[in-house]
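Reviewing the structure listed below.
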Amino acid sequence: MWAILSACFAALTAIFAKVGLRQVDSDLATLIRTVIIVFVLSLVVWGLGKWQNPLLLSGKTWLFLTLSALATGASWLCYFRALQLGQASQVAPIDKLSVVLVTLFAVVFLGERPSLQEYLGIVLIALGVLTIALK
């Protein structure tokens, strides 16, 4: 259920961002979006009583959350720039090449072993991305 909701919100992100980027630089738009996300997530964490002292987290947790944040920021900057320059119907599917890359990275770095059926799905996603990219 959460993954389906994530996909729906990601789709809305592309549409809303494409409209919102019409009169603003993509980097500034990314900053504005990030500030809003920080504000809303702060309310959610506080409102649900999930706040805990982040200084008590391990160094490894901090390292990997920092790396994740940097990757997220780079992804958002690139995504918004691509949306500003291209069509949402092309940018969003190409962005989903991340599904293929996550599988490859998970195999190499996490030791995950997808099934034959999962590999087939990944190949189909890659072919779909290539079909859209080579339009």
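Ordering Val91, Val99 by the number of other Cβ atoms within 10 Å of each residue's own Cβ, fewest first, gives Val99, Val91.
The string of couplings for the stretch 27-34 from the Karplus curve (6.51, -1.76, 1.60, θ = phi - 60°) is 5, 5, 4, 5, 4, 4, 4, 5 Hz, one whole number per residue in order, with x for Gly and Pro.
When the Cα positions of Leu70, Leu101, Trp46 are compared along the charge dipole of the chain, Trp46 comes out farthest toward the positive end, with charges on each C-beta of Lys, Arg, Asp and Glu. Think of the chain as having a plus end and a minus end, set by charges on the Cβ of Lys, Arg, Asp and Glu; of Leu134, Ala17, Leu124, Ala17 sits farthest toward the positive end of this dipole.
Our Cα-only numbers for the chain put the radius of gyration and Dmax at 17.4, 50 Å.
Taking other Cβ atoms within 10 Å as a rough exposure proxy, Thr103, Thr30 sort from fewest to most as Thr103, Thr30.
A helix-only calculation puts the chain at -27000 deg cm²/dmol for mean residue ellipticity at 222 nm, using -39500 (n - 2.57) for each DSSP H run of at least four residues, averaged over all residues.
Taken together, the values in this text are just the output of simple stated rules run on the coordinates, not laboratory data. Just so it is clear, the structure is predicted and the values come from calculations on it, not from any experiment. Positions of Cβ are backbone-derived with ideal geometry, glycine not excepted, and every protein chain shown enters the neighbour counts.
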